[in-house]
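Encoded as structure tokens, the structure appears first; notes follow it.
The values are calculated or read from the model by the stated rules, or taken from the named source; none is laboratory data. What you see is a predicted model; the values in this text were computed from it and never measured. Note that each Cβ is placed from the backbone with ideal geometry, even for glycine, and that neighbours are counted across all protein chains shown. Keep in mind that these areas ignore ligands, DNA and RNA; they rest on the heavy atoms of the full protein, side chains included. Shrake-Rupley method; radii C 1.70, N 1.55, O 1.52, S 1.80 Å.
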Amino acid sequence: GKHVVVLGSGPSGMETAVRLCTSAYNAAHVTLASRSSRLLPAWNLYLNESLWRIRSFVESGRMTLMLQSTMSRANETHATLQKAVKSKRGWKSVAVDVRADLIITALGFTSDESLIRTAGFPDGLIKRDTCETSQRGLFNVGISGVKPWTSKADGKILSTFIEDSTPIVRKVCKAVVARV
């Protein structure tokens, strides 16, 4: 029954968004946000199934797909996404507030430090049992390679998970349900 924002449209992000819309997890609404201008092409059966289900959930109103968007702010009730919009003078960025009872980052192996800070990882650590970050209601299924989070010297390590990690996605989705 929660409104959830999933950041990232790779395999883990798509799987997380799809799972949350199913009757097993029953999110009220899922917003799938991606920096990309389109979802990945269906190069295997796994991705093809996810793309088909995303299309179905978008058509039924259970999910919103926001391409070319990044998160600029977040709190326990909303996420502000910066969406690229084409105008007569070219591309511009428009701020869109999205209800977000919970936020899940599924950003795989590429990201940038400003997004990490926006997402609210002040100490770079997550809870192992739920994958929740130090910002209440914000979960992580895979960010890596971002300084200072990969530096072991200062003790600030943001845990990293492998893309397509079904057990981690399942763990995060269960933690979201447990929040209800």
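The table below lists the values:
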item: Accessible area, probe 1.4 Å, largest first, for residues Asp101, Asp129; result: Asp129, Asp101
item: Rounded FRET efficiency, nearest 0.05, which uses the C-beta distance separating Leu45 from Thr80 and R0 of 30 Å; result: 0.25
item: Cβ-Cβ FRET estimate between Ser23 and Arg73, R0 fixed at 35 Å, reported to 0.05; result: 0.65
item: Protein-only accessible surface order, largest first, of Ser50, Ser56 at 1.4 Å; result: Ser56, Ser50
item: Val6 long-range amide H proximity, modeled H, under 5 Å; result: Thr31, Leu32, Ala33, Ile104
item: Cα-based Kirkwood hydrodynamic radius, the stretch 1-52, one decimal, Å; result: 11.3 Å
item: Exposure ranking of Val4, Val96 by accessible area [1.4 Å probe, largest first]; result: Val96, Val4
item: Under 15 Å, Cβ to Cβ, from Lys83 - net charge with Lys/Arg +1 and Asp/Glu -1; result: +4
item: Spin-label pair Arg99/Lys174, simplified geometry with 7 Å Cα→Cβ offset, distance in nm; result: 2.8 nm
item: Cα-derived Rg to Rh of the stretch 1-88, Kirkwood definition; result: 0.97
item: Rounded accessible area of Ser60 (nearest 10 Å², 1.4 Å probe); result: 80 Å²
